[in-house]
Structure formats: C-alpha cells, structure tokens
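Colleague: Handing you this structure, nothing more for now.
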Amino acid sequence: MTTLLRELAGIAGDANVEAPVPRAALRDATEAQAYAGRADALVRPGSAEEVAALLAWCYRHDVPLTARGGGSGFAGGAAPEGGIVCSLERMRAVRALVPEGWRMHAEAGLATAHVHRLARENGLWFPPDPGAAEQSQLGGNIATNAGGPHAFKYGVTGDWVMGLEAVVAPGEMVRVGGPLRKDVAGYDLRGLLIGSEGTLGIVTAAWLRLIPAPEAALPVIGLYPDADAGAAAVQNALASGAIPAALEFLDAGALAAAAGLPVDGGSAGAGFAVLAEADGPLAGAQADRDTLAEALEDGALAVHAPAPEALWRWRSGVSHAVIAQRGGKLSEDVAVPVERLAEAVRGTVEIGERHGLQACSWGHAGDGNVHATFLLDPGDAAERGRAAAAAEELFDLALALGGTLSGEHGLGRLKAHRLKDQLDPATLALQRAVKDALDPKGLLNPGAKLRDARAA
Ligand SMILES: Cc1cc2nc3c(=O)[nH]c(=O)nc-3n(C[C@H](O)[C@H](O)[C@H](O)COP(=O)(O)OP(=O)(O)OC[C@H]3O[C@@H](n4cnc5c(N)ncnc54)[C@H](O)[C@@H]3O)c2cc1C
C-alpha cells in the first residue's frame, strides 16, 4: 500500500479507499457523449467529520478533491480532473423526520427517490423532482440546485433547503441555516453553497422543507403541428388564470423517439406536444385541468387527459429513448425567456443540420428551459467533435435570445469556459472573488463552474 492510500485509509478505513478508481466513479451522465475524468483515489467517508479530515488532508498536500453524488449530472461536474474523488454514498442517514414540523434532516448521500418516498409515507411532499431520482443524491441536487418538471410552480431544490451542514476549506465543518423556515442572520451562505457544484464546499447534510402532498394532480397534453403552434399554446396556458404545477414540451424529434404516448392514437402526426398539470384539492385541480385543457385547444391537433402515472412514466423515459436512437447524445439545458421558446426549439434543429447531426429538444416549457440535444454515436470521434461545436453555437443562440447557458444542470466542466460570455466582467470578477475566498487553493472541484474565468 502506498503512503497516499495508507493516509486516506487512516481517515475513512481500508474498505472505503480504492485505487485505481473504478471506471464508473470517473463519469456522469455525459458518458453518453463519451466524457470521462481521471483521479488517483476514491474515498467514501462515513461521516461529516471524515469529510472534514479528508479536505484538511487535501489542503495540507495540495491535492484536488471532487465531491461525487449519484453521477447523474449532465455537465461533467463529477468527472474529476485529478486528485481524489469523495463519494457521499455511505452518508445516507435520515437524522430527523418531523412530520408535524413539515421538515426532514438528512445526509447528502440519500437518494432523491428515498427523500420522496419518506415524505409521501408521512403524508408530505418534497416537490423538487429532477429525473434519475433513484440515482441522484440529495447532495448532488443541492450542489446543482436541480430543477425538474414541478419547479415551474414549486421552485428548484434550493427553495426547499432551510439549512446545510457542509465542509469548507481548509477542512472545517460549518452549519448554515437549520430547522428554521426563516433566518436572515448573517450573509446567505446557504444560498452561496446551493448550486456551487462542489467548488465552494462539500454538502454533508441538509434540513429540507416539506409540504402536504396535493390531493390530486391531473395532467393534460396538447398535440400541435409545429413548434410555433405549440409555443403559442404554452403562452395561452400561462394566460389562462390557472397555475400549472408543471408545463412541459417535446418537439417533433423527441416525440418520434419517445414512442408510446399513453393516449388514443399516440402522438402520430404531431410536431410538438405541451403537457400541463393541474394540482391541489380534487375539485380545484379538476377545475384548473379543464381551464388548462381549454387553453391548449387553440391550434391543437388533439388535447387529451391521460392517466397521471402512465404519462409521467412515459415522460421520465424520454431522455433514455432519445439516447437509444444512436447510442449517445449531447444534451444541454439552456433556458430562454418563455416567449422565445419556439426560436430556441427551431434553432436547435437548424444548428444540428448545419453540423450534420440529428437534433431535438424537450423540457420545461414554462421555465423556458430547453434540453437541446444532438444525437451521436459515442464511438465516432468526428461526430462527437461536431456535437461539441454545435453546442457552442447553441450557447450563442441562448445568449442572443436573452437566456442562460444552464437552467438546471450547472456548468460543470463542459460549459464553464462560456461563463465569461454570459456575465459582464465586474460580475465575473465577483464570482472569482467568492471562489478565492472560500477555496483559496482552488482544490475543490477544480475546472468546474469557473474555468478560465480568471483569464477572461
Ligand atoms: C435521465 C436524467 C434526467 C434528468 N433530469 C433532470 C431534471 O429534470 N432537472 C435537473 O435539474 N437535472 C436533471 N438531471 C441531471 C441530474 O440528475 C441532476 O443534476 C442531479 O441533481 C445530480 O445529482 P447527482 O447526485 O447525480 O450529482 P453528481 O452528478 O454526482 O454531481 C453533480 C455535481 O454536484 C457535485 N456534488 C455532488 N454531490 C455533492 C455534495 N454532497 N457536495 C458538494 N458537491 C456535490 C459534483 O461535484 C458535481 O459537480 C437528469 C439526469 C438524468 C440522467
């Protein structure tokens, strides 16, 4: 055993240190575009104290440390650039569940689906619902400030985090917020750590806010000939007076890939779909569902009210159905003002055509959040190169439409170089100052989120 491994084993125990690092721990969902990182060792701490000791060791020896959740991220953030991978997988305890206080205190390694199940079993609900819920972890959701379909009405993960326990440089445990619904003492360090993609600290536990689950959730889906008609329907739904819990879309390519829409006649002949869900007490949800259905009628080929479980099961399979077309994909998550949705959707296909790639998109229409996707064969290096070039053009388009490089996946390693194109120099300098203040040696997930920002 080398000195490195012996010292790491002294922190987390022999059984929880691995070198060489298993292949899966160097990758995330960008594996579908053949992206991978490298690292010298994988450590699985069992407590926040062990995470603190690990970061202290890294700070003493100038070794990079990359936190790893479920590896379902779409930006290469958990694909390390050397050093050590800190997997939170052993830290999945529920420290407290207080149904009468509508809250939960859980460790970062708990799977998202487990958080959902526990809340439901206690008559409550944790609304943030990014896909890959069995794989992703609470800490990864917090680190990316993940969204999901119901973020439209209920907000993103950070809106449901009351407090965090985290480990920051040079190896200190801190607690920001707590089991409190309100707390404005001090600066909002909770907000700073949320969405920081492991570059400012490692989240070890969180206090989550829960709410009673709505009695009913009733979806409707409208099918349209093209993106213009579909985007107009999205605007109609927004103007209808009902507040949709979710407002999603799929374009022609995504609909063709995700066959089996659970309604009579499927999606045959449609070039765009808009899915809206009404929720709340049964009578209110039914009334809102009818209002949304009426709003979706204009310009529609058909409007259906499918069974919720079947529809959401179909919706959660879209990403994998698209991958299955050619074996791989490069999928982005740009967001634009909602009235520019059709331009982003059409633009994605046009960019794909210019680079000789099949392209499609789907996503969170109400949030203007577009999973713009270029299909590829992961074994074809030339095609991967064309997809990367197409993504750069897509970022240009999103920014030209007044949008952002990332609505929910974060910048990771694959988009960090473009932050300078979205932010003005003064804001970029402020971002750099935050990183330097919290991670002066730049050892926390180096290369992610702020790459090249200093040179910009
Ligand atoms: C099929 C599919 C559908 C998806 N749908 C959505 C969606 O609807 N909305 C959405 O927002 N995302 C979606 N995602 C992306 C992804 O699931 C989310 O970003 C998820 O929250 C990432 O969690 P993870 O535990 O897998 O994180 P990882 O991929 O392991 O890590 C992501 C980033 O967080 C950092 N990190 C992880 N854990 C910690 C920690 N404890 N402390 C500090 N930093 C940490 C990592 O270093 C990395 O930078 C989807 C992914 C897939 C594969």
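Colleague: What is the spread of the Cα atoms of the range 370-456 along each of their three principal axes, largest first, in whole Å?
Modeller: 42, 30, 23
Colleague: Convex hull over the alpha-carbon atoms of the range 56-141: what's its volume per residue in Å³?
Modeller: That works out to 98 Å³ per residue.
Colleague: Filter the chain for me: DSSP H helices, axial length by Cα at least 24 angstrom, mean Kyte-Doolittle hydropathy not below 1.0. List them by residue number. Let's see the in-between values first.
Modeller: Values: long enough: 381-400 (29 Å, 0.35).
Span-like helices, by this rule, are absent here.
Colleague: Ignoring GluC sites (Glu not before Pro) that are buried or in helix or strand per DSSP, and keeping those with at most 12 other beta carbon atoms within 10 Å, what is the longest stretch of the chain between them?
Modeller: Numbers: sites that count: E134, E215.
Between the exposed loop sites, the longest stretch runs 216-456.
Colleague: Express the carbon and sulfur contribution to the solvent-accessible surface of the chain as a percent, rounded to the nearest whole number, probe 1.4 angstrom.
Modeller: In the chain, the share of accessible area belonging to carbon and sulfur is 53 percent.
Colleague: Find the centroid of the Cα atoms in the range 1-51 and in the range 418-448, then give the distance between the two in whole Å.
Modeller: 25
Colleague: Separate question: Quick one: net charge of L330's neighbours, Cβ under 10 Å, K/R +1, D/E -1?
Modeller: It works out to a net charge of +1.
Colleague: To the nearest Å, what is the center-to-center distance of the range 392-415 and the range 52-127, using C-alpha atoms only?
Modeller: Value for the Cα centre distance between the two parts: 26 Å.
Colleague: Find the percent of Cα-Cα distances in the chain that exceed 40 Å, and round it to a whole number. Don't skip to the answer; put the middle values down first.
Modeller: Numbers: 19198 of 103740 pairs.
When all Cα pairs of the chain are counted, 19 percent exceed 40 Å.
Colleague: Scan the chain and report its longest stretch carrying no trypsin sites (Lys or Arg not before Pro) that are both in a DSSP loop and have at most 14 other Cβ atoms within 10 Å.
Modeller: 183-440
Colleague: Can you compute the FRET efficiency between D436 and R313 using 1/(1 + (r/R0)^6), with r the Cβ-Cβ distance and R0 = 51 Å? Round to the nearest 0.05.
Modeller: 0.65
Colleague: What number comes out for accessible area per residue over the chain if the probe is 1.4 Å? Units Å², please. Working shown, then result.
Modeller: Details: 17790 Å² over 456 residues.
In whole numbers, the chain has 39 Å² accessible per residue.
Colleague: Where q = 0.11, 0.17 Å⁻¹, what log10 of I(q)/I(0) comes from the Debye formula for the range 295-417, counting one point per Cα?
Modeller: The Cα Debye sum returns log10 ratios of -0.40, -0.91.
Colleague: Applying 1/(1 + (r/R0)^6) with R0 = 45 Å to the Cβ-Cβ distance of R95 and A400, what FRET efficiency is obtained, to the nearest 0.05? Mind showing how you got there, number by number?
Modeller: On the way: r = 46 Å, r/R0 = 1.03.
With R0 = 45 Å, the Cβ-Cβ based efficiency is 0.45.
The values are calculated or read from the model by the stated rules, or taken from the named source; none is laboratory data. Just so we're clear, the structure is a prediction, and the values are computed from it rather than from any experiment. Please note: Cβ atoms are built from the backbone with ideal geometry, for glycine as well, and neighbour counts cover all protein chains shown. Note: accessible area is taken over every heavy atom of the protein model, side chains too, but ligands, DNA and RNA are not part of it. Shrake-Rupley method; radii C 1.70, N 1.55, O 1.52, S 1.80 Å.
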